[in-house]
1. Please indicate, with yes or no, whether at least one residue in region 431-443 is buried (at least 16 other Cβ atoms within 10 Å of the Cβ) and assigned to a loop (DSSP other than H, G, I, E, B).
2. Return the residues of region 190-208 that are in a helix (DSSP H, G or I), touching a residue at least 12 places away in the same chain (Cβ under 8 Å) and under 23 Å from the mean Cα position of the chain (by Cα); say none if nothing qualifies.
3. What number goes with the only condition from (1) in the same structural domain as residue 519 (by TED's automatic domain parsing); (2) assigned to a loop (DSSP other than H, G, I, E, B); (3) surrounded by 16 or more Cβ atoms within 10 Å (Cβ to Cβ) that residue 409 does not pass?
4. Out of 235, 248, report the one residue that is modelled with pLDDT under 90 and either in the same structural domain as residue 315 (by TED's automatic domain parsing) or touching a helix residue (DSSP H, G or I) at 6+ places or on another chain (Cβ under 6 Å) (or both).
5. Being surrounded by 21 or more Cβ atoms within 10 Å (Cβ to Cβ) and in the same structural domain as residue 378 (by TED's automatic domain parsing): is that true of residue 257 here?
6. Scanning region 346-362 for residues that are within 13 Å of ligand 1 (Cβ to nearest atom) and part of a strand (DSSP E or B), which turns out surrounded by the fewest Cβ atoms within 10 Å (Cβ to Cβ)?
7. For region 400-421, name all the residues that are within 13 Å of ligand 1 (Cβ to nearest atom) and out of contact with any strand residue (DSSP E or B) (no Cβ under 6 Å at 6 or more places or on another chain).
8. Only residues that are surrounded by fewer than 24 Cβ atoms within 10 Å (Cβ to Cβ) and more than 11 Å from ligand 2 (Cβ to nearest atom): list them for region 412-428, please.
Ligand SMILES: Nc1nc2c(c(=O)[nH]1)N[C@H]1C(S)=C(S)[C@@H](COP(=O)(O)O)O[C@H]1N2
Ligand SMILES: [Mo]
């Protein structure tokens, strides 16, 4: 008889593993259900949502606005590990009292079901049904685990219940891991709904109507790029290795939102409601939108959380319908002051109504760089308002626009400590070199700069605290988009620091004093240190 066949006393670690696997199985049931129904959300995603909503103000201010980066993954992995940890504890409790363990299981399961039910798109009834199924599956798994956990408080002395067969246990544990993994895999991968992506692929955006020739700022440029027939594209761009392209490709355009799972919206059933302080509220479907005259504008979108020199900014050509037209049709009432937009997942952002008619681009956008909006960037429709940070304007996965008064109506981030009015601040960034080493000789120093709404008049560079020196500017299409800049630097061996600043057409000089992003956008000059060899 080998050792594996010998019944051994159950070590606590065995109980902990059994508890963990029971929790994993319950999570797996949730993932499967979320895959089957789009009226459900994964337990993990839902609980992460609860954590975000409940996070203390300080955490929210410091980091959650920039969820879009690795933090989301960290949060989801953290919730998963936390749940498995709770399962382990429940497993240990089950050694003493199965009844208490099952009670705890039900309690945590209810928490999960509640978290799912509060998701904006979830069905409350379904959430509780799936919660019930998941808890039952998990609890049965735990109680039936071949751990020899006591099955009732009375038969604790029964050796069959306090000793386990090691080989049997390993087999069981492997089987349970595979089952939990399979449920999750089937839910996440096999049943993942690709229909919205396919619907998006089928969309052909009508050609935008001509909106006149670009207003260009002329300046020395290095290369003459392909001449574009698109009136909103620049005709000449600066090219230098590492310099941001004038138009940011959709694939690398920064993404920021509170959505832990991206809303999947079928354009065929989507509609936008225009309501609030209007005489004639109405609904607009996606096809209605495409029959209207579409226009195209190149607009720089920036996140308020973007640090000096940061990457939460991009420049794209947006296709859509002027927001003014969309709102006019509803006949705004005289006391309407604010455009309060809401996404299907409950995110809101508001800005002064005046901005839709003050000459700036304010679009109900359906296209980005010539394609339908990518799903992560708000498919099928979003707002883009030039000169305003995204959190007060650029609502993705839009479902409702409500005209309101200014007072007592705040968007998502306002009660969380961010400024209610948030124009994009003048800024400039060095893209090359980004530090490290460069060879002596003439080296390109290049980057991008923006100054909504006046546009960038000049960009200047200072090396080692020396005088500000003028840079060459690429062509731009006005104040709403960034401009590329280039400085030909005569690099001499040694350690050097390079600083950049922009000056707006309205005379604003980019301030040098560092200011944090919260509450209304970072300030300060971008500095890069390099070693010239
Ligand atoms: N539905 C929704 N829209 C949203 C947000 C969000 O969290 N949810 N975040 C806003 C913020 S803070 C920014 S900076 C921009 C970013 O848009 P992008 O992800 O397309 O770059 O989207 C805005 N629109
Ligand atoms: Mo943002």
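The values are calculated or read from the model by the stated rules, or taken from the named source; none is laboratory data. Just so you know, these numbers come straight off a predicted model, no measurement behind them. Here the Cβ is made from the backbone with ideal geometry for all residues, glycine too, and neighbour counts use every protein chain on show.
1. Start the filter on region 431-443 by keeping residues that are buried (at least 16 other Cβ atoms within 10 Å of the Cβ), which leaves 431-433, 438, 443.
Those still in the list that are assigned to a loop (DSSP other than H, G, I, E, B) too: 433.
Among the residues of region 431-443, at least one is buried (at least 16 other Cβ atoms within 10 Å of the Cβ) and assigned to a loop (DSSP other than H, G, I, E, B), which makes the answer yes.
2. Of everything in region 190-208, those that are in a helix (DSSP H, G or I), touching a residue at least 12 places away in the same chain (Cβ under 8 Å) and under 23 Å from the mean Cα position of the chain (by Cα) turn out to be 195, 196, 197, 199, 200.
3. (1)
4. 235
5. Yes, satisfied.
6. Filtering first and then ranking leaves 348.
7. Correct list: 413, 414, 416, 418, 419.
8. Answer for region 412-428, where residues must be surrounded by fewer than 24 Cβ atoms within 10 Å (Cβ to Cβ) and more than 11 Å from ligand 2 (Cβ to nearest atom): 414, 415, 416, 417, 419, 420, 421, 423, 425, 426.
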